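Nothing in this text is a laboratory measurement; each read-out follows from the coordinates by a stated rule. This is a predicted model, so every value here is computed, not measured. Heads up, the Cβs are rebuilt from the backbone with ideal geometry, glycines too, and the neighbour counts pull from every protein chain shown.
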Amino acid sequence: MDILVLNSGSSSLKYQYINSVSGKVYGKGLIERIGIEGSNIEHKKPGSEPYVIERYLPSHTEAVKLLFEVLLDKEHGIINNLDDIQAIGHRVVHGASITEPTLVNDEVLETLEFAKRFAPLHNPGAIAGIQGVEALTPGKPNVIVVDTGFHSDIPQENALYAIPYKYYTEDKIKRYGAHGISHKYVTLKTAELMEKDPEELNVITVHLGNGASISAVKNGHCYDTSMGLTPLEGLVMGTRSGDLDPAVVFTIGKQHDLSYDQMDTLLNKESGLLGVSGISSDFRDVTEAAEAGNERAQIALDMFINRVKKYIGAYSALLGRVDAISFAGGIGENSDFARAEILKGLENLGISIDPALNDGAREEKEISAKDSKVRVFITPTNEELMIARETQYIVENL
Ligand code: ADP
């Protein structure tokens, strides 16, 4: 089935037109600066130069309109008619009570409105993207695939915070996790590579990008994950702090007279690799600075590595038996250095990699040493394909 996959941010819209069975990508691109001066679309068709149009786009509806115009363009486009698009799959970061891929209707939109409080940067864009598509192609099936869905299996003992229970029952405060589409894709891919039934697979999935998270997957279902109520908890990220003592928030807040919103910005945008190194949020920049002898960059890098290592240890203990560890995301897929450092010294847990297989590797492949009890894989993530497959399933079962 040919599906248009949309990933709408607050001021951006990433898209891919993809076949959900073969995984063939007909075209993809990015619209940026929606609602801001200088908006543009960059469209890529395999084998062609990127096609760029600069046009002010005041809203997501206008952005979707431009997207359709480009998809239909005689020279640069990839479809002849909007009817060629059989369905649209939307990535949604936070689904609140929606955990399964779901056909969009008014009730679904209401739930996504409610979930804005948990994903204020992401959910408004997703809603606007859905409404934009609905306005321009009424009646076409729109399916949402939520990033929190894969984590909805996490049992209460791992999902709840140790705060008064009423905040869970009344305010729905719990660990929802994030990156679930990627963790699910990586889990299924690992099962495929191991020729194992996913329901019999225990795997630690490690997604390391600008945002980073790690999941303990037990018998194919998520048992624990590092991100929490929002994508701020867990690993050290590009600009996010990850785990910290909650007292840090009110201590700094009181000391510097910062509002909740200011603390939110400090922890989400000014922390992580950027905050500690003072150099960059980008893993490559920080690695280069550390190699050049920058002490703070080195500390940031070591914090990043050790935090992942610590979670692998914790999740090995929680799972009891670990069949595999699989790396994805810009850092997990591309940095042999990060993988080697993270797994260094974990031989006691039955984990060791073969440097000859790891060095320079960026593609889907196994990198474990022959005697490693736990198998280690690079499993480049493909969230768009996962969304397309889930969308196909919903549309076919309408
Ligand atoms: P996002 O969470 O924004 O999708 P990505 O998954 O694209 O992020 O990952 C971005 C991160 O991947 C950046 O920190 C970047 O430095 C890192 N990265 C990309 N390529 C490499 C590489 N070859 N070596 C090390 N890090 C890399």
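Can you tell me the relative contact order of the chain? Whole percent, Cα pairs under 8 Å, sequence separation 6 or more.
It comes to 14 percent, rounded to a whole number.
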Output row, site L30, 7 Å Cα→C-beta label point, backbone N cut-off 20 Å, window the range 71-112, residues 71, 90-93
Rounded to whole Å, √(5λ) for the Cα gyration tensor eigenvalues of the range 328-398, largest first, gives 31, 14, 9
Long-range alpha-carbon pairs in the range 215-365, meaning those over 21 Å apart, account in percent for 52 percent
Percent of all alpha-carbon pairs of the chain at distances over 40 Å, whole number, is 16 percent
Residue span Q156 to K373: 0.36 nm per residue of separation minus Cα-Cα distance leaves a gain in nm of 75.1 nm
Ordered by number, the chymotrypsin sites (Phe, Trp or Tyr not before Pro) in the range 48-116 that occupy a DSSP loop and have at most 11 other Cβ atoms within 10 Å are none
Magnitude of the Cβ-charge dipole (Lys and Arg +1, Asp and Glu -1) of the chain about the Cα centre, nearest 20 debye, reported as 440 debye
Fewest to most Cβ atoms within 10 Å: L136, L208, L346 sort as L136, L346, L208
Most packed first (mean Cβ within 10 Å per residue), the peptides 127-135, 366-374 order as 127-135, 366-374
Quick calc: nm separation of the 7 Å Cα→Cβ label points for L72 and A314 -> 5.1 nm
1/(1 + (r/R0)^6) with r = Cβ-Cβ of E42 and V248, R0 = 45 Å, i.e. FRET efficiency to nearest 0.05, evaluates to 0.70
Scalar couplings 3J(HN,Hα) for the range 355-367 by Karplus 6.51 cos²θ - 1.76 cosθ + 1.60 (θ = phi - 60°), nearest whole Hz, x for Gly and Pro, are x, 5, 7, 7, 4, x, 6, 9, 9, 4, 5, 8, 10
Measuring from its Cα centre, the range 170-299 shows a charge dipole (+1 at each Lys and Arg Cβ, -1 at each Asp and Glu Cβ) which, in debye to the nearest 20, is 140 debye
Convex hull around the C-alpha positions of the range 72-200: the volume in Å³ per residue is 148 Å³
Given unit charges at Cβ for Lys, Arg (+) and Asp, Glu (-), the dipole magnitude of the range 147-187 about its Cα centre in debye, nearest 20, is 20 debye
Once the in-chain neighbours fewer than 8 apart are removed, the lysines whose Cα is under 17 Å from K166 read K174
Reduced to Cα centres, the span from the range 221-258 to the range 358-393 in Å works out to 28 Å
Listed with the fewest Cβ neighbours within 10 Å leading, V70, V108, V52 appear as V52, V108, V70
Per the range 285-361, sqrt(5λ) over the Cα gyration tensor eigenvalues, sorted largest first, in Å, gives 24, 15, 11
Taking a crude spin-label model, label points 7 Å out from Cα along the C-beta direction, the E396 to N80 distance in nm is 2.5 nm
Most packed first (mean Cβ within 10 Å per residue), the peptides 349-362, 193-206 order as 193-206, 349-362
Hits in the range 367-390: amide N under 20 Å from the 7 Å Cα→Cβ extension of L357, namely 367-381
Per the helix-only model, the chain has a calculated mean residue ellipticity at 222 nm (DSSP H runs of ≥4, -39500 (n - 2.57) each, divided over all residues, rounded to the nearest 500) of -11000 deg cm²/dmol
The Cα extents of the range 1-115 along the principal axes, largest first and rounded to whole Å, are 43, 38, 19
